[in-house]
Amino acid sequence: MLQLVNWLKSSTSTIVLTGAGMSTESGIPDFRSQSGWWNKIDPRTVATVEALENHYALFHDFYSYRIQSLEKYTPHEGHYILGQWENKGVLDCVATQNVDGFHQLAGNRKVNELHGTIKTIRCHSCNQPATLSEFLNKEVCKHCSGKLRPNVVLFGETLPEHSWMDSLNRIRRADLVIVIGTSLEIYPVSQLPVMTEGKKVYVNLDIHDHARFDLMIKGKAKEILKLVNNIL
Ligand code: APR
Ligand code: ZN
């Protein structure tokens, strides 16, 4: 832990990369843990363009449930610590795979949502924006009667160009990259940590054999961030 604090203090550019494990302590399930989404439902049936186009009812149920359940959850202390770190100039940017908007709610202004967001809706056919209530009410696009969908990146879709390139460029230049709460199983985000010349730290409940890290801290995101913040 002290090693991380020293690197944070001496770093002139720190990037944090988060995944679903950053929000489990807020109550939001992750995907590949025992209690994760993909242990309950096959992602191909809900999180693909094929599902959206051919099984819209299941697709809609899955995403409207996740949108509505977001109202029950709030960012936890670990999110707010990252927001404070940005304010104090300790970190430059959060690149996240999460679509819950919790980093922004907790005060981070420089957030790259690599897998999009569940908080805004568009038409899948004409890309015109639509409202959350139109999506939740199963309405069709008022411009072309197309299917409505959240602005999340579905499996097989390309990541938002700006978010990806900005994150890649920042990570390349960073002298510290802290990866929190992700299995790093999904390409291309899984490749980001090795793109940096700087120090790489992995904070996760399950420490996989990610030999490419300079430091691996096994533990819960909120607890580790509180510990580090207390001695920073
Ligand atoms: N603190 C630290 N780590 C945690 C915590 C926690 N409180 N809770 C869970 N974890 C760890 C799990 O052990 C797991 O290794 O976080 C990781 C979450 O991994 P995934 O469930 O695979 O989530 P993520 O890596 O974000 O998935 C990437 O896959 O399905 C797609 O679009 C989806 O963005 C998602 C992408
Ligand atoms: Zn449309």
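The values are calculated or read from the model by the stated rules, or taken from the named source; none is laboratory data. None of the values given here were measured: they were computed from a predicted structure. Cβ: placed from backbone, ideal geometry, glycine included. Neighbour counts: every protein chain shown.
Worth a mention:
- Tabulated pairs, the range 212-232, first assigned by TED's automatic domain parsing to the domain that holds Leu4 and assigned to a helix (DSSP H, G or I), second away from ligand 1 (no atom under 12 Å from the Cβ) and at pLDDT below 95, C-beta under 9 angstrom, 6+ apart or interchain: Ile224/Met1; Leu227/Met1; Val228/Met1; Ile231/Met1; Ile231/Leu2
- Note on the range 107-146: among residues that are of a type in the set (A, V, I, L, M) and in a strand (DSSP E or B), the one that is nearest to ligand 1 (Cβ to nearest atom) is Ile118.
- Qualifying positions in the range 52-99 - among the charged types (D, E, K, R) and outside any helix (DSSP H, G or I): Glu71, Lys72, Lys88, Asp92
- Annotation: Arg149 fulfils all but one of (1) surrounded by fewer than 17 Cβ atoms within 10 Å (Cβ to Cβ); (2) not in a helix (DSSP H, G or I); the unmet one is (1).
- Residue ID - surrounded by the fewest Cβ atoms within 10 Å (Cβ to Cβ), chosen from residues in the range 194-205 that are within 12 Å of ligand 1 (Cβ to nearest atom) and touching a residue at least 60 places away in the same chain (Cβ under 8 Å): Leu205
- Arg149 vs. criteria touching a residue at least 24 places away in the same chain (Cβ under 8 Å) and within 23 Å of Arg66 (Cα to Cα): yes
- The range 126-146: number of residues that are within 15 Å of ligand 2 (Cβ to nearest atom) and crowded, with 16+ Cβ neighbours inside 10 Å: 5
- The range 3-35, residues that are assigned to a loop (DSSP other than H, G, I, E, B), crowded, with 16+ Cβ neighbours inside 10 Å and either of a type outside the set (D, E, K, R) or free of Cβ contacts under 8 Å to residues at least 40 places away in the same chain (or both): Ser11, Ser13, Gly19, Ser23, Ile28, Pro29, Phe31, Ser33
- Where a residue in the range 113-132 is more than 14 Å from Lys147 (Cα to Cα) and touching a residue at least 12 places away in the same chain (Cβ under 8 Å) and its partner, wherever it lies, is among the charged types (D, E, K, R) and surrounded by 15 or more Cβ atoms within 10 Å (Cβ to Cβ), with Cβ under 7 Å and at least six apart: Ile118/Arg66; Ile118/Asp100
Table: residues versus (1) in contact with a strand residue (DSSP E or B) (Cβ under 7 Å, 6 or more places away or on another chain); (2) crowded, with 18+ Cβ neighbours inside 10 Å; (3) not assigned by TED's automatic domain parsing to the domain that holds Lys9.
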position: Ala57; (1), (2), (3): no, no, yes
position: His79; (1), (2), (3): no, yes, no
position: Lys88; (1), (2), (3): no, no, no
position: Thr96; (1), (2), (3): yes, yes, no
